[in-house]
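The values are calculated or read from the model by the stated rules, or taken from the named source; none is laboratory data. Since this is a predicted model, take the numbers as computed values, not measurements. All Cβ positions, even for glycine, are placed from backbone atoms using ideal geometry, and neighbour counts span all protein chains on display. The protein model used for the area step is the full one, side chains on, heavy atoms only, and it has no ligands, DNA or RNA in it. Shrake-Rupley method; radii C 1.70, N 1.55, O 1.52, S 1.80 Å.
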Amino acid sequence: MKVLNLTLVLITLSAGCFGQKLPVPADKKATKETVILFQSLYDLKNKGIMYGHQDDLMYGYTWWYEKDHSDTREITGDYPAVAGFELGHIELSDDRSLDSVSFAQIAEQIKIHYKRGGVVTLSWHLNNPVTMQIKDSKGWPHGTAWDVSSKEVVSSILPGGKNNELFNTWLNRLATFFISLKDDKGIPIPFIFRPFHEHSGSFFWWGTDICTDKEYSALWRYTVNFLRDKKNIHNILYAYNTDRVTSLEQYMKGYPGDDIIDMLSLDMYDRGEQFGGELDNALGFVTKEAISRNKLTALSETGERRGMNNWWTSLLLPVVSKYPVGYVLTWRDAFNTKSTVSGSPFQSYQEDFKKFYDSPHTLFLKEIIGANIYKRK
Ligand code: BMA
């Protein structure tokens, strides 16, 4: 059983009742539930780190969409506090995502996870709106988020660009999905949205060498203005995100502004021995900057890739415990493959993952339920 001083959490979350000014989301019209979620997460990050897992509720290595199934729960007895879902191909009006997951089932699981009291985060590997219109003679997949063959993509979808109308259509489809996310009483479900992620890398068409920082920032502002002001959606917390960075200056390149962003997040996978030091350094300046701006924090993607069987407790946990990191999320366990892209514990590191779960510093779903993150204290 996990031990966590929830009383301490509850006392801290009550601070708002005693006149202490709590930070608020960037969206001035954020719904009540979204404001409460933001403030709960803001406080919780000082109490422990939530565990998140991408597509945890949708599939695992050996199963595909089975009611209440979760690899995390199978090992620990509890669900992750944060459930990640992927929206790539929603822009095409497809029924299924680029990972073949049904959007209707994603919506269903978002509602279930919210109802259980957990946190929802959504990513979006949207296609390349320029090159997806070109047919590839060699039969290679063209026009994916990873297609960086054109540097004109971002400028072409912004106002004045020849693909602006197409991008508006895509944003409309995304908005329709967002608007459908309501609880049983019809109240919009608050969630964290992390589009255009890993800007410091150059492996997506919005990457640092593929567009200018000004274009990147404009893309963000345009997207948020569209969803928030044009579509009147006020249940979103927006997460700014980069891949590995070595300085704050590098991290902030392209930052769209405090009036747009709610969370400063970082993605960093273990690609070798330098990982611990690099992560330590980056989390140090990212969390410091986030706090100075009253923003949330997360290590929004990470994973083990070296076959270390004690990675969770000997490497990840000691580093993330040093900083107020809201959550740490490992990536998906691709069904029917041996891919270890997530550094997932579900193949060989289960014992160490259980120790990670047992740590008083980590928070899984039950502890989040205990902290009641959607209710004003
Ligand atoms: C990537 C990989 C891809 C996947 C994408 C979106 O990191 O896992 O296989 O399609 O995320 O989930």
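Under a Gaussian network description of the chain, with springs only between Cα atoms under 10 Å, the residue in Leu316, Leu174, Leu166 that fluctuates furthest is Leu166.
Start at zero, step by 10 Å, and the Cα-Cα distances of region 126-252 spread as 12, 39, 33, 14, 2, 0 percent across the bins. Modelled this way, with points 7 Å down the Cα-to-C-beta line, the labels at Phe177 and Asn310 are 4.1 nm from one another. The distance separating the Cα centre of region 156-208 from that of region 37-79 comes to 23 Å. Within the same chain, lysines fewer than 8 places from Lys214 are excluded, and of the rest, those with a Cα less than 23 Å from its Cα are Lys151, Lys162, Lys230, Lys253, Lys295. The residues packed around Gln274, meaning those with a beta-carbon under 12 Å from its beta-carbon, carry a net charge of -1 if Lys and Arg are +1 and Asp and Glu are -1.
Contact order for region 154-219, expressed relative to its length and based on alpha carbon pairs under 8 Å spaced 6+ residues apart, stands at 30 percent.
Kirkwood Rh, the chain, all Cα pairs: how many Å?
Over the chain, the inverse of the mean reciprocal pair distance is 20.9 Å.
Mean projection of the alpha-carbon convex hull of region 240-377 over all orientations, in nm²?
Numbers: hull surface 38.6 nm².
Across all orientations, region 240-377 yields a mean hull projection of 9.7 nm².
Annotation: amide H-H contacts under 5 Å for Ser102 (H modelled 1.01 Å from N, sequence separation of 5 or more, or interchain): Ser97. For the chain, the mean residue ellipticity at 222 nm estimated from helices alone is -9000 deg cm²/dmol, where every DSSP H run of n ≥ 4 contributes -39500 (n - 2.57) and the total is divided by all residues, rounded to the nearest 500.
Extension gain for the segment Lys322 to Asp94, taken as residue separation times 0.36 nm less the Cα-Cα distance, is 77.9 nm to one decimal. Build a GNM of the chain with springs between Cα atoms under 10 Å: which of Thr242, Thr297, Thr223 gets the top mean-square fluctuation? Highest fluctuation of the listed residues: Thr223. Counting only protein heavy atoms and a 1.4 Å probe, the chain has 40 square angstrom of accessible area per residue. Summarising the strand pairing of the chain, around 10 percent of its internal DSSP beta bridges are antiparallel.
Around the amide H of Met50, modelled in the peptide plane, lie the amide H atoms of Tyr327, Val328, Leu363, all under 5 Å away and 5 or more residues distant in sequence or on another chain. Summarising the strand pairing of region 46-179, around 20 percent of its internal DSSP beta bridges are antiparallel. Shown is the FRET efficiency for Ser202 and Arg376, computed with R0 = 45 Å from the Cβ-Cβ distance and rounded to the nearest 0.05: 0.55. Relative contact order of the chain, taken over Cα pairs closer than 8 Å and 6 or more residues apart, is 25 percent. Volume per residue for region 212-311 equals 115 cubic angstrom (convex hull of Cα atoms).
So which residue, out of Lys354, Lys67, Lys162, gets the largest mean-square fluctuation from a GNM of the chain using Cα contacts under 10 Å as springs? Of Lys354, Lys67, Lys162, the most mobile in the Gaussian network model is Lys67. The ratio of the alpha-carbon radius of gyration of region 186-246 to the globular-protein estimate 2.2 N^0.38 Å is 1.26. Across all directions, the average flat footprint of the convex hull enclosing the Cα atoms of region 32-191 is 12.2 nm².
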